[in-house]
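The values are calculated or read from the model by the stated rules, or taken from the named source; none is laboratory data. Just so you know, these numbers come straight off a predicted model, no measurement behind them. We place every Cβ from the backbone using ideal geometry, glycine too, and count neighbours over all the protein chains shown.
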């Protein structure tokens, strides 16, 4: 089950990392479908400075952050509910704890090089480098992609092809390269990002993200406390996730304890 949760977080991000030779990491010290249809409007090419000017105001930055909330996960046959505690240190660590009925079911640690997870319900663990994950999933994912997803930040391709569509109340910014396309919906009145779509142009995979419940977090920067994430492949819904953040605290000190207990078995066995 923890693998399904991790895949949801990872697939819901997009980055342009280069692949390198995979290496085995060392353990560090101790709802309804969300389908968004863009209205037909004239497409206006967006120059890079204009695109950056639109995206930067909605980005949220953390030196560190602790996030608490609840998650509902649905696949075609089952539904699961968890509470979560997420702790992030910029450019360094992402730590997650998942609980059900107040008992810890899984703990996750992501570093810039590797991803670790312990499934306490099944007494198993996952230990993979990001290179191994990229090769296995055939997707450009890494630490930065996971960080941006949790922060609720959009990404775009620095050297991609960009366009802008506008309506009376919305701005739709798109950016794409030869393999992927990102579509960002921004409320023209409030300035909030309310939709974020990632399309794999070669494999017909789509990630739809709808963001709501925006509240001021700091310096007029807003954070989306409610998100619906839907992953589709060949027009079939594979996974749906609802994330509700109860509390987000920036720039505080905390611990990120993680270890693989003796006797746990690798998921690779």
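The lone criterion from (1) touching a helix residue (DSSP H, G or I) at 6+ places or on another chain (Cβ under 6 Å); (2) under 26 Å from residue 88 (Cβ atoms) left unmet by residue 186 is number (1). May I ask you to verify whether residue 256 is out of contact with any helix residue (DSSP H, G or I) (no Cβ under 8 Å at 6 or more places or on another chain), on the phi < 0 side of the Ramachandran plot, surrounded by 15 or more Cβ atoms within 10 Å (Cβ to Cβ) and assigned to a loop (DSSP other than H, G, I, E, B)? When the stated conditions are applied, residue 256 passes them.
Residues in segment 178-198 that are at pLDDT 90 or above, farther than 17 Å from residue 56 by Cβ and touching a strand residue (DSSP E or B) at 6+ places or on another chain (Cβ under 7 Å): 183, 194, 195, 197.
Can you tell me which of 233, 266, 253 is closer than 14 Å to residue 88 by Cβ and at pLDDT below 95? The conditions single out 253. Inspection of segment 193-201 finds no residue satisfying the criterion of being part of a strand (DSSP E or B), closer than 29 Å to residue 77 by Cα and touching a helix residue (DSSP H, G or I) at 6+ places or on another chain (Cβ under 7 Å). When you check residue 201 against the structure, is it touching a strand residue (DSSP E or B) at 6+ places or on another chain (Cβ under 9 Å), surrounded by 16 or more Cβ atoms within 10 Å (Cβ to Cβ) and at pLDDT below 90, yes or no? It is false that residue 201 is touching a strand residue (DSSP E or B) at 6+ places or on another chain (Cβ under 9 Å), surrounded by 16 or more Cβ atoms within 10 Å (Cβ to Cβ) and at pLDDT below 90.
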